[in-house]
Amino acid sequence: MFQYVFGIPFTLLKFLLLWFWGTLKRLIPYALRWKKSIANEIVLITGGGSGIGRQTALYFARAGATLVLWDVNPDGNAETARLVRDCGMKAYTYTCDVTKREEVYRVAQRVKEEVGTVFILVNNAGIVSGKQFLHLTDEEIIKTMDVNTMAHFWTLRAFLPDMVRSNQGHVVTISSLLGESAVGGLSDYCTSKFAVRGLHDAILREMSVLDSQVKCTVVCPFGVSTGMFDGVKLRHEFLLPFMAPEYVGRKIVQAVLTDTEVLYLPPYVQLLVIAKTILPTSAQLVLEDIIKLNEATKTFTGRRQDTPKKEN
């Protein structure tokens, strides 16, 4: 039987109120939004040694958090830690290959023993091959899926149970606009980001069923100038410009502080997601051809060949 409030079924009233509040919240400037405190919270960032990972760490440090940095590059990790300490906050570095399940579990246990319980997990590490599907090797496909998708399973299994037991925490998933609208030349990357968005959305719903206070934020940027997509060329680039990692890092931390569930960067790219649900595929292809979106990786170089092409 339905419960009624003022003659309106409670479930319907709740749906309408949450719909109204969610829409209103998007229109409220960040400066006017309620922000939670993360002072002295332990934040773990995978791929913390450069790019988005580094800038996100710095903004978390400015918000008063303690940083735990994971990366396969110890030198980059050490530099991020130095910058965090320059902000007056603690930073701990661990060299960890997130594609190796047992290594993730082992290093996670060290973090719990040496630093404490992680209550904010930022799954950021990622790679891109930048090749057409017919030119990909089996090894490249597997590596992309291992770093961009499977690693999220291992870190979540390592840290999410502690958050659920404590009934607090925040999971941040760095996905991509290409996890909602695919492009040619990035088939393995798009697949990995579609998959990780699905994982994130499922976890969010499981937390809802548990009535857990663990929050979830998924970040969907179009392109970030970390070097990962060097060489990619679009016609009319002003329509979809690449963003500075400093801007992305700041927006990620703002999203966590305000418990924002979905963050599109730049914000207007959400219109492209909406357009995809409305327009027939043939019309989508015409629009994509205007900016040569599906040919953009023909000039892809990525980072220097002696440096891993990492998203972080």
What distance in nm lies between label points placed 7 Å from Cα along the C-beta direction at VAL209 and ALA244? 4.4
Rh (Kirkwood; distinct C-alpha pairs) - the chain, Å: 20.4
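Loop-only GluC sites (Glu not before Pro) in the stretch 183-273, please: DSSP not H, G, I, E or B, and at most 15 other Cβ atoms within 10 Å.
Of the GluC sites (Glu not before Pro), the ones in loops of the stretch 183-273 whose Cβ has at most 15 other Cβ atoms within 10 Å are GLU261.
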Cβ-placed point charges (K, R +1; D, E -1), dipole of the chain about Cα centre in debye, nearest 20: 720
How far apart, in nm, are two points set 7 Å out from the Cα along the Cα-to-Cβ line at ASP259 and at THR301? 4.7
Take every Cα pair under 8 Å in the chain that's 6+ residues apart, average their separations, divide by the length, and report that relative contact order as a whole percent. 19
How much length is gained if the chain between ARG33 and LEU12 is pulled fully straight, taking 0.36 nm per residue apart and subtracting their Cα-Cα distance, in nm to one decimal? 4.9 nm
Any of LYS100/LYS251; LYS193/LYS298; LYS36/LYS143; LYS35/LYS292 with alpha carbons more than 32 Å apart? Name them for me. LYS36/LYS143; LYS35/LYS292
Could you give the DSSP H helices of the chain that reach 24 angstrom or more along their long axis (alpha carbon positions) and whose average Kyte-Doolittle hydropathy is no lower than 1.0? 10-27
Return the distance in nm (one decimal) between the two label points of a simple spin-label model at THR23 and ILE274, each offset 7 Å from Cα along Cα→Cβ. 1.1
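We did not get these values from a lab; they are worked out from the coordinates using the rules stated. In this text, all values refer to a predicted model and were calculated from it rather than measured experimentally. Cβ atoms come from the backbone with ideal geometry, glycine included; neighbour counts cover every protein chain shown.
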